[in-house]
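The values are calculated or read from the model by the stated rules, or taken from the named source; none is laboratory data. Only a predicted model underlies this, so the values are computations on that prediction, with no experimental measurement involved. As a convention, Cβ positions derive from the backbone with ideal geometry for all residues, glycine included, and neighbour counts pool all protein chains shown. Each accessible area value is taken on the protein alone, full model and side chains, heavy atoms only, with ligands, DNA and RNA left out. Shrake-Rupley method; radii C 1.70, N 1.55, O 1.52, S 1.80 Å.
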Amino acid sequence: MAETEVAPTVAVPGTIYSRNDVQVTAGVAGQLTMVAEPGTLVSAGDLIARVDRTPLLLQRAEQEVLLERAEINVRQLNSQLRRQQELEDSNLVSEFELEQTIANRDLALADAKLIRVRIQQIDDQVRRADFRAPFSGVITTRLRRAGEDVSRGEVLAAITDIHNMEVRAFVPLKHLPRTTVGDSIDVFATDT
């Protein structure tokens with residue numbers, strides 16, 4: 001008589017879930033120009049949705065003109081300051097006028113820095129006007145369509161990773177002592 005070791009088996013129900021399943025939200029407010037269709041397979045980095053960038057690009061152009069004006073003002077005040085410093089020794093310029101010109105020049109420099117920061121903020125918004133897939137998967141839901149206005153943070157679509165799946169099995173507590181981390185299990189599907 002031969003002895004064989006038999007491992008007990010238990011059939012338990014389970015469900016397959018994606019490890020990555022996210023809602024895509026609007027990074028900026030504006031009018032949608034496109035949203036991917038449900039069922040569309042996308043790779044990481046592919047375009048899922050886009051907001052019209054025209055208003056942002058116009059804001060950027062306006063800030064560039066304001067920056068040019070601020071830089072012209074700085075140059076003019078630097079020239080005025082240089083002339084006043086040359087005349088300071090001959091007492092043709094008061095100390096108050098000199099201090100006023102320095103203060104005005106420093107304010108103009110600060111204005112130029114502020115405008116540069118605004119341009120960087122607009123560039124960030126332009127970048128966030130394109131909503132890209134964070135991973136490869138399939139578009140499962142589309143909640144907004146091209147032509148609709150959206151607010152920042154509004155849900156546009158959902159994407160599910162169909163390549164990285166996990167099984168969540170419902171094992172009765174009485175069987176848990178027989179399992180350890182790293183054990184392999186056989187998974188099978190039934191027709192029901």
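Structure summary
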{"read-out": "Loop-located trypsin sites (Lys or Arg not before Pro) in the stretch 113-192, at most 13 other Cβ atoms within 10 Å (DSSP)", "value": "145, 152"}
{"read-out": "Net charge over other residues, Cβ less than 14 angstrom from the Cβ of residue 103 (K, R count +1; D, E count -1)", "value": "-4"}
{"read-out": "Between the stretch 129-192 and the stretch 29-55, the alpha-carbon center distance in angstrom", "value": "21 Å"}
{"read-out": "3J(HN,Hα) from dihedral phi, the stretch 92-109, Karplus parametrisation 6.51/-1.76/1.60, rounded to Hz, x for glycine, proline", "value": "8, 10, 6, 5, 4, 4, 5, 5, 5, 5, 4, 5, 5, 5, 5, 5, 5, 5"}
{"read-out": "Low-density loop cleavage sites - trypsin sites (Lys or Arg not before Pro) in the stretch 1-76, where at most 15 other Cβ are within 10 Å (DSSP)", "value": "19"}
{"read-out": "Estimated 222 nm signal from helices in the chain, with DSSP H stretches of n ≥ 4 weighted -39500 (n - 2.57), rounded to 500", "value": "-13000 deg cm²/dmol"}
{"read-out": "Neighbour net charge for residue 119 - beta-carbon separation under 14 angstrom, K R +1, D E -1", "value": "-1"}
{"read-out": "The stretch 18-99: relative contact order as a whole-number percent, Cα under 8 Å and 6+ apart", "value": "19 percent"}
{"read-out": "Listed residues 1, 34 arranged by accessible area, highest first, probe 1.4 Å", "value": "1, 34"}
{"read-out": "Exposure rule at most 16 other beta-carbon atoms within 10 Å, DSSP loop chymotrypsin sites (Phe, Trp or Tyr not before Pro): the chain longest free segment", "value": "1-169"}
{"read-out": "Assigned charges on the beta-carbon of Lys, Arg, Asp, Glu; the chain dipole about Cα centre (debye)", "value": "380 debye"}
{"read-out": "Identified option (computed Cα extents along the principal axes in Å; candidates (1) 46, 37, 31; (2) 50, 43, 32; (3) 121, 42, 23)", "value": "(3)"}
{"read-out": "With all protein chains modelled, accessible area of residue 21 [1.4 Å, Å²]", "value": "100 Å²"}
{"read-out": "Rg(Cα)/(2.2 N^0.38 Å) for the stretch 43-93, N = residue count", "value": "2.30"}
